[in-house]
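Report on the following structure.
The values are calculated or read from the model by the stated rules, or taken from the named source; none is laboratory data. Note that this is a predicted model, so its numbers are computed, not measured. Positions of Cβ are generated from backbone atoms using ideal geometry, with glycine treated the same way; all protein chains shown enter the neighbour counts. Heads up: the accessible areas ignore ligands, DNA and RNA and are worked out on the full protein's heavy atoms, side chains in. Shrake-Rupley method; radii C 1.70, N 1.55, O 1.52, S 1.80 Å.
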Amino acid sequence: MTAPAGGEPTGLPPTPMRARAVVDLAALRANVRALRACAPRADLMAVVKSDAYGHGAVPCARAARRAGAAWLGTATPEEALALRAAGDTGRLLCWLWTPGGPWRAAIEADVDVSVSGMWALREVTDAARACGRTARVHLKIDTGLGRNGCPPAAWPELTAAARAAEAEGTVVVAGVWSHFACADEPGHPSIAAQLNVFHEALAEAGRAGLRPEVRHMANSPATLTLPESHFDLVRAGIAVYGVSPSPEIGLPSDFGLRQVMTLSADVALVKQVPSGHGVSYGHHYVTPGETTLALVPVGYADGIPRHASGTGPVLVGGKWRTVAGRVAMDQFVVDLGGDSAQVGDEAVLFGPGDRGEPTVEDWARAAGTIGYEIVTRIGARVPRVHVHEDEH
Ligand SMILES: *Cc1c(COP(=O)(O)O)cnc(C)c1O
């Protein structure tokens with residue numbers, strides 16, 4: 001790598017790197033601040049599950065805290081405990097539990113835990129009793145997503161049991177929460193329907209004697225477009241990383257957000273080939289004339305979607321090129337047409353767009369998927385280079 005993102009000093013290690021995902025923590029902090037401004041009456045939870053959507057959980061969590069994220073959120077208990085091991089001490093909610101927990105480790109690490117059913121409430125109270133601590137629980141209601149969460153019919157039983165556990169001192173119900181199905185499709189009728197069910201669930205919890213500290217429902221698209229869903233806390237994931245939740249919501253720049261990750265690789269080979277030359281497995285691309293090919297040394301093992309074969313955009317030599325033929329495990333090829341390039345030139349797959357490079361949204365469109373999947377699947381073989389760790 002010779003030209004780091006934006007041409008600024010990045011603190012990159014001097015070792016050569018085949019490819020790298022540069023993670024701009026100044027952009028992440030600015031995104032957190034923009035999202036807080038978007039939901040001024042609510043606290044912000046930065047969702048850092050799945051290694052902060054592929055950006056590196058610990059540095060991203062630190063940057064989000066610095067920018068005022070009062071809460072962090074993870075899916076698995078392992079993710080939450082790893083943040084504690086790295087020294088994070090703030091409020092932290094973890095929501096994807098299976099029998100066995102580990103509940104006790106989470107309670108002892110002061111992690112807030114989500115409960116969607118009686119089995120989980122029983123395991124939490126047992127663990128709290130065993131370690132002599134009070135567990136902070138967020139009861140989750142399924143308001144219509146049809147995924148995790150307690151069905152409304154079972155909600156009275158769950159809230160009453162949680163209230164009894166509060167009286168016993170094993171739990172305190174710190175939160176009541178839910179999750180949207182279609183917040184990325186503004187105006188979808190399920191949005192209002194889910195909000196109605198959520199209001200009813202809150203009323204029922206109140207009748208059961210629960211006084212949750214935080215009520216929360218909004219993900220990124222709801223944080224950006226649906227103020228009536230903000231309640232006490234918003235849970236933003238993809239927007240923290242400066243990627244749009246969906247084309248219907250708009251571009252990151254429409255909300256003052258900036259893409260955090262720049263993915264690039266060094267061109268590994270440049271060669272002249274004659275007209276009619278097949279390129280990559282299956283020969284799905286055949287050169288239309290004598291031309292120059294450049295080899296880009298990343299492939300589906302690095303998270304480059306194979307579905308982007310023949311469609312993925314890459315900036316080489318100041319111009320957009322298209323993946324020629326199939327994406328292989330470790331490499332793909334672009335056709336430079338009449339242009340030339342040097343071995344070692346930077347091929348930028350995506351970035352914030354400052355240099356005219358494609359964005360994560362462009363790759364999502366090219367691969368028939370969503371930006372979430374593009375960034376989250378960037379492989380462990382690609383080093384994450386965190387830049388602008390310090391405020392100035
Ligand atoms: C992933 C997740 C979020 C964040 O969603 P984004 O669309 O990335 O903002 C919020 N809440 C829950 C329960 C999640 O699983």
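Counting only heavy atoms of protein chains, what accessible area per residue, in Å², does the stretch 117-175 have with a probe of 1.4 Å?
Values: 2480 Å² over 59 residues.
Heavy-atom SASA per residue in the stretch 117-175 reads 42 Å².
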In percent, what relative contact order does the stretch 25-248 have, based on Cα pairs under 8 Å that are 6 or more apart in sequence? 20
Comparing His216, His230, His188 in a Gaussian network model of the chain (Cα, 10 Å), the one with the largest mean-square fluctuation is His188
Treating cross-link reach as a plain straight distance, find the lysines whose alpha-carbon is under 21 Å from the alpha-carbon of Lys271, omitting any fewer than eight places away in the same chain. Lys319
Using only Cα atoms, find the angle between the long axis of helix 25-38 and the longest principal axis of the chain, and express it within 0 to 90 degrees, rounded to the nearest 10. 50
What FRET efficiency, computed as 1/(1 + (r/R0)^6) with R0 = 22 Å and r the Cβ-Cβ distance, is obtained for Ala167 and Asp110, rounded to the nearest 0.05? 0.50
Nearest-0.05 FRET efficiency for Arg207 and Thr134 at R0 = 25 Å, using Cβ-Cβ distance, is 0.65
Out of every Cα pair in the stretch 25-248, what percent are spaced more than 21 Å from each other? 53
In the chain, if every C-alpha pair distance is counted and binned at 10 Å from zero, what percent goes to each bin? 5, 22, 27, 21, 14, 7, 3, 0
Hey, what did the stretch 208-298 get for relative contact order, percent, Cα under 8 Å, at least 6 apart? 18
Compute the separation of the alpha-carbon centres of the stretch 367-392 and the stretch 147-219 and state it in Å as a whole number. 33
Starting from the Kirkwood Rh over alpha-carbon pairs, what translational D in µm² s⁻¹ does the stretch 261-387 have by Stokes-Einstein at 25 °C and 0.890 mPa s? 170
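If you roll a 1.4 Å probe over the heavy atoms of the protein chains, what accessible area per residue do you get for the stretch 261-387, in Å²?
Per-residue accessible area for the stretch 261-387 comes out at 43 Å².
Please compute the contact order of the chain in relative form: average sequence separation of alpha-carbon pairs under 8 Å and at least six residues apart, divided by the residue count, as a percent. Write down the numbers at each step before the final one.
Working: 907 pairs, mean separation 72.2, N = 392.
This gives 18 percent for the chain.
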Running a GNM on the chain with Cα contacts under 10 Å, which residue among Gly144, Gly282, Gly132 ends up with the highest mean-square fluctuation? Gly282
Could you give the angle, 0 to 90 degrees to the nearest 10, between helix 189-207's Cα long axis and the longest principal axis of the Cα atoms of the chain? 30
Once you put a point 7 Å from the Cα of Asp330 and another 7 Å from the Cα of Arg122, both along the Cβ direction, what distance in nm separates them? 5.1
With Cα springs under 10 Å, the Gaussian network model of the chain assigns the largest mean-square fluctuation among Gly278, Gly338, Gly303 to Gly338
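Nearest 0.05, what FRET efficiency do Asn196 and Ala37 give at R0 = 30 Å with Cβ-Cβ as r?
My answer for the efficiency is 0.60.
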Trypsin sites (Lys or Arg not before Pro) in the stretch 45-148 lying in a DSSP loop, each with at most 16 other Cβ atoms within 10 Å of its Cβ, come to Arg133, Arg147
Could you tell me how many degrees, from 0 to 90 and to the nearest 10, lie between the Cα long axis of helix 155-168 and the main elongation axis, the longest principal axis, of the Cα atoms of the chain? 70
Fully extended, how many nm does the chain gain between Glu389 and Ser275 (0.36 nm per residue separation, minus their Cα-Cα distance)? 36.2 nm
Placing +1 on the Cβ of each Lys and Arg and -1 on the Cβ of each Asp and Glu in the stretch 25-248, which of Leu83, Thr98, Ala181 has its Cα farthest towards the positive end of the resulting dipole? Leu83
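With the full set of protein chains in place, find how many percent of the accessible area of the stretch 261-387 is carbon and sulfur; take the probe as 1.4 Å.
Values: 2850 of 5400 Å².
Answer for the stretch 261-387 is 53 percent, counting heavy atoms of protein chains only.
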